[in-house]
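Engineer: The structure's right below; bear with me while I get my questions together.
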Amino acid sequence: MVGRPLPSFDDAAAGLVAAGRRFDSRGWVLGTSGNLSVVLSSRPVRLAITASAVHKGRLGAGDILEIDGQGRVVGEGRGRSSAETRLHLEIVKRRGAGAVLHTHSVWSTILSGLYAPEQGLALEGYEMLKGLDGVATHAHREWIPIVANDQDMSRLSRHVRTTLARFPRAHALLFDRHGLYTWGRTLAEAERHVEILEFLFETVGRTRTLQAPRS
């Protein structure tokens, strides 16, 4: 993140509100699912993040919290931070991300369960892969690791840490029957990754449906 200008809290909050509403309109964060964050500072670590249990389609500026590197709220926003804040902090630390976005779409939930025995999902041969940072050809093979879901956030964050270390080129993680985590150097890049990956998940899922044997 060195050398990259970081947003103010107000700008980050406005961006997260807009992203939450757009993702809700696509059915990617229904109910109160998902959480979205933007890095405000790397030293000390500060993130703007959506408050827990808030509908992403109805976000307001007051629903965005400022947290420190331990996940503690340090700003004036209402509400509390999600237990999954630890995962955002882990990804920021291990990937140098400027934004981390977590969605709960139907297709990511289905595919993360179907491919959990393989511990990952391969995406290859799709032109849309070129929308991922650093990918220049449809021949790219993107391996998205699938992490077993866990309500123990300390244990889950350790699992995320080891998975990110094991797959340093991965642009995203899936959580078994839970959803997608992806990131980017900026909020705009992270949003693009969500769009690309959600498109590909739906494509893979619909293709499997069309290829299923019919009685």
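The numbers here are math on the coordinates, done by the rules we state, and not lab data. Since the model is a prediction, treat every value here as computed from it, not as a measurement. Glycine also receives a Cβ, built like all others from the backbone with ideal geometry; neighbour counts cover every protein chain displayed.
Quick grid of which residues meet (1) within 18 Å of the chain's Cα centre (by Cα); (2) in a helix (DSSP H, G or I); (3) charged (D, E, K, R):
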site: Arg4; (1), (2), (3): no, no, yes
site: Ala12; (1), (2), (3): yes, yes, no
site: Ala19; (1), (2), (3): yes, yes, no
site: Leu30; (1), (2), (3): yes, no, no
site: Leu36; (1), (2), (3): yes, no, no
site: Val39; (1), (2), (3): yes, no, no
site: Leu47; (1), (2), (3): yes, no, no
site: Thr50; (1), (2), (3): yes, no, no
site: Val54; (1), (2), (3): yes, no, no
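Engineer: Please work out which residue is surrounded by the most Cβ atoms within 10 Å (Cβ to Cβ), limiting yourself to the stretch 1-56 and to residues that are of a type in the set (Lys, Arg) and farther than 15 Å from Asp68 by Cα.
Structural biologist: Kept after step one, since they are of a type in the set (Lys, Arg), are these residues of the stretch 1-56: 4, 21-22, 26, 43, 46, 56.
Filter once more, so that each one left must be farther than 15 Å from Asp68 by Cα: 4, 21-22, 26, 56.
Details: Arg4: 11, Arg21: 15, Arg22: 16, Arg26: 13, Lys56: 27.
Once the filter is applied, the top-ranked residue is Lys56.
Engineer: Taking the conditions exactly as written (in contact with a helix residue (DSSP H, G or I) (Cβ under 6 Å, 6 or more places away or on another chain), touching a residue at least 40 places away in the same chain (Cβ under 8 Å), at negative phi and assigned to a helix (DSSP H, G or I)), does Glu189 satisfy them or not? I'd like the intermediate steps shown before the answer.
Structural biologist: Numbers: in contact with a helix residue (DSSP H, G or I) (Cβ under 6 Å, 6 or more places away or on another chain): no; touching a residue at least 40 places away in the same chain (Cβ under 8 Å): yes; at negative phi: yes; assigned to a helix (DSSP H, G or I): yes.
Here the answer is no, as Glu189 does not meet what is asked.
Engineer: In the stretch 97-119, what residues are under 16 Å from the mean Cα position of the chain (by Cα) and surrounded by fewer than 17 Cβ atoms within 10 Å (Cβ to Cβ)?
Structural biologist: Filtering the stretch 97-119 down to residues under 16 Å from the mean Cα position of the chain (by Cα) leaves 97-109, 111-112.
Matches in the stretch 97-119: Val106 only.
Engineer: So, one more: Can you name the number of the only condition in (1) of a type in the set (A, V, I, L, M, F, W, C); (2) surrounded by fewer than 21 Cβ atoms within 10 Å (Cβ to Cβ); (3) more than 21 Å from Ala170 (Cβ to Cβ) that Ile64 fails?
Structural biologist: (2)
Engineer: Read through the list (1) in contact (Cβ under 8 Å) with a residue 60 or more places away in the chain; (2) surrounded by 24 or more Cβ atoms within 10 Å (Cβ to Cβ), then give the number of the only condition that Ala83 fails.
Structural biologist: Status for Ala83: all satisfied but (2).
Table: residues versus (1) without any contact (Cβ under 8 Å) to a residue 24 or more places away in the chain; (2) of a type in the set (Gly, Ala, Ser); (3) farther than 25 Å from Val17 by Cβ; (4) part of a strand (DSSP E or B).
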site: Gly113; (1), (2), (3), (4): no, yes, yes, no
site: Pro117; (1), (2), (3), (4): yes, no, yes, no
site: Asn149; (1), (2), (3), (4): no, no, yes, no
site: Leu164; (1), (2), (3), (4): no, no, yes, no
site: Thr182; (1), (2), (3), (4): no, no, no, yes
